[in-house]
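Below: the structure, in structure tokens.
The values are calculated or read from the model by the stated rules, or taken from the named source; none is laboratory data. Keep in mind that what you see is a predicted model, and the values were worked out from it rather than measured. Here the Cβ positions follow ideal geometry from the backbone for every residue, glycine too, while neighbour counts run over all protein chains shown.
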Amino acid sequence: MNILYIFQYFGTPSYAGGIRAYKFAKYWQAQGHRVTILTSKTQINPEYLVNVKGRLFSRLVIEDLDVVVCNFKYQQSMSFMQRMVSFCIFALLCSLYILFHGRYNVIYATSTPLTVGLPALVGKICKNIPYVFEVRDQWPMVPIEMGVLKNKFIIKILLKFEKKIYKKAGALIVLSPGMYSGVKKVCRDSKKLISIIPNSSDTDLFNPGVSGERMRKKYNWGKKTVFLYAGSLGWIHNVDFIVEAADKVKNNPDIHFAIIGHGSEQENIALKIKKLKLSNIDFIGAVPKAELPEYLAACDVSLSTITNIPVIEHNSANKFFDALAAGNPILLNYSGWHRDIIEKNDIGYGCRLCDLKEYVNKIIVMHKNKKRLNAMGKNARELAENEFARDKLALQALTVVEGVVKN
């Protein structure tokens, strides 16, 4: 098959960010298929972008993958409306590319944003190319519940657009049971194939055999219980919550926190740490994916947080599955399916959504039971290998794609 994979935030392990699309594309290519990535330059390592300037489209070879980069501006620091405009520009550029470049057997379009569905629709309607649509976050429900999308006319159009994308898709892939329920409501009585294929654990990159001693020495963590957040630093991720928790336990010198990542809120987080005069947090900044294993190996507990919006409890965060692969216990500030998984398998704890008191209590419990953390870590790795290994889930997605082409 000749597969066009559309994802606005494609990146590789040599740069910070999620690598689901990279790993899926590499796996599909290894199975004998031709894969072309159509993306923006947002998460591409700058070393690959030297000759991109001034061109509308640039075709690159990145780690043996054929990558077409749309040259346009996007930053997480943009306002919501600026980001919406940027999303639309990307969708229009991708649509033009599909109309005038190449012939593909199938399109694999992955959100967010929802506008990624536009070029898939263009390919379907104008060139009869079937497509699979992957729902990473259910738009427009997420921005509606966040309160950033309020215009009733725009909401009405986006809801119709969402329904149209689902209707025309050959198949749909969602990343969690909650997303499945949400998409099913939109599809209503449709017999559309909807598969749950969550984010996955890279059991090769992350593994319990990696030593974290170098990082523990570098940051002088010694025998402290270290709670690590490694992920995006946007408003939706609510890393402020971790800072508030650190403030509550600052009198315990044996509890320490580390924050890795970048995003629109990183300056505010750094300022808050400084304002509260917290010496129990290391704010490390962005780290390439390939370097993360040492950091996860150095910590005792991995953290995943979200803001106080219930629909986001259906998320399928990369950091959650990275922690499983690394063999780390996990602490959440939310419930939902992630909490069900870790508590059923004795891997960590969840909390009522954004309940700071309960969260701090769980931090203290985990600190006081370090021997139990070891057992939790072993359970995490076992679950990663048995249920969420990346190649296993990449094969499931490929099977869906092959079924759409066959039919």
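Among residues of the stretch 45-79 being surrounded by 12 or more Cβ atoms within 10 Å (Cβ to Cβ) and at pLDDT below 70, the one that is nearest to K289 (Cα to Cα) is Q76.
Can you tell me which residue in the stretch 133-157 is surrounded by the most Cβ atoms within 10 Å (Cβ to Cβ), limited to those that are β-branched (V, I, T) and in contact (Cβ under 8 Å) with a residue 60 or more places away in the chain? I'd like the intermediate steps shown before the answer.
Looking only at the stretch 133-157, we keep the residues that are β-branched (V, I, T), and these are 135, 142, 144, 148, 154-155, 157.
Next cut, in contact (Cβ under 8 Å) with a residue 60 or more places away in the chain only: 142, 148.
Numbers: V142: 21, V148: 15.
Applying the filter and picking the extreme gives V142.
Within the stretch 233-244, the set of residues being touching a residue at least 40 places away in the same chain (Cβ under 8 Å) and not in a helix (DSSP H, G or I) comprises G234, N238, V239. Any residue at all in the stretch 216-224 that is at negative phi, touching a Phe, Trp or Tyr at 6+ places or on another chain (Cβ under 6 Å) and at pLDDT 95 or above? Among the residues of the stretch 216-224, not one is at negative phi, touching a Phe, Trp or Tyr at 6+ places or on another chain (Cβ under 6 Å) and at pLDDT 95 or above, which makes the answer no.
What about A258, is it in a strand (DSSP E or B) and either without any contact (Cβ under 8 Å) to a residue 60 or more places away in the chain or under 25 Å from Y15 (Cβ atoms) (or both)? Here the answer is yes, as A258 does meet what is asked. Scanning the stretch 312-367 for residues that are of a type in the set (K, R), assigned to a helix (DSSP H, G or I), modelled with pLDDT of 95 or more and closer than 22 Å to A246 by Cβ turns up R339, K357, K362. Scanning the stretch 121-171 for residues that are under 26 Å from E313 (Cα atoms) and polar (S, T, N, Q) turns up Q138, N151. Of the residues making up the stretch 12-51, those that are basic (K, R) and under 16 Å from S200 (Cβ atoms) number 3.
From the list G234, G222, G212, pick out the single residue that is surrounded by fewer than 22 Cβ atoms within 10 Å (Cβ to Cβ) and under 28 Å from I312 (Cα atoms). Can you show your working first?
On the way: G222 fails: under 28 Å from I312 (Cα atoms); G212 fails: under 28 Å from I312 (Cα atoms).
That would be G234, the only listed residue that is surrounded by fewer than 22 Cβ atoms within 10 Å (Cβ to Cβ) and under 28 Å from I312 (Cα atoms).
For the condition closer than 15 Å to T225 by Cβ, buried (at least 20 other Cβ atoms within 10 Å of the Cβ) and in contact with a strand residue (DSSP E or B) (Cβ under 9 Å, 6 or more places away or on another chain), what is the one hit in L373, L303? Write out each step before concluding.
Details: L373 fails: buried (at least 20 other Cβ atoms within 10 Å of the Cβ).
Checking each option against the conditions leaves just L303.
Residues in the stretch 258-266 include none that are modelled with pLDDT of 95 or more, touching a helix residue (DSSP H, G or I) at 6+ places or on another chain (Cβ under 9 Å), more than 19 Å from I330 (Cβ to Cβ) and not assigned by TED's automatic domain parsing to the domain that holds T12.
All of D254, D322 fail the test of being touching a helix residue (DSSP H, G or I) at 6+ places or on another chain (Cβ under 9 Å) and within 29 Å of K23 (Cβ to Cβ), apart from D322. Restrict the check to the stretch 24-43 and report whether at least one residue is loosely packed, with under 15 Cβ neighbours inside 10 Å, more than 30 Å from A323 (Cβ to Cβ) and either modelled with pLDDT under 75 or not assigned by TED's automatic domain parsing to the domain that holds S232 (or both). Checked against the condition, which is being loosely packed, with under 15 Cβ neighbours inside 10 Å, more than 30 Å from A323 (Cβ to Cβ) and either modelled with pLDDT under 75 or not assigned by TED's automatic domain parsing to the domain that holds S232 (or both), the stretch 24-43 yields at least one hit.
Being out of contact with any Asp or Glu (no Cβ under 6 Å at 6 or more places or on another chain) and surrounded by 21 or more Cβ atoms within 10 Å (Cβ to Cβ): is that true of I125 here? So I125 does not fit the description; no. Checking each residue in the stretch 348-407 for being under 20 Å from I196 (Cα atoms) and of a type in the set (A, V, I, L, M) picks out L383, A384, A389, L393, A394, L395, A397, L398, V400, V401, V404, V405.
Okay, residues lined up against (1) under 21 Å from L353 (Cβ atoms); (2) out of contact with any Pro (no Cβ under 7 Å at 6 or more places or on another chain):
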site: V210; (1), (2): no, no
site: W221; (1), (2): no, yes
site: A246; (1), (2): yes, yes
site: S264; (1), (2): no, yes
site: I284; (1), (2): no, yes
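Number of residues in the stretch 175-229 that are under 30 Å from K160 (Cα atoms), among the β-branched types (V, I, T) and touching a residue at least 40 places away in the same chain (Cβ under 8 Å) equals 2.
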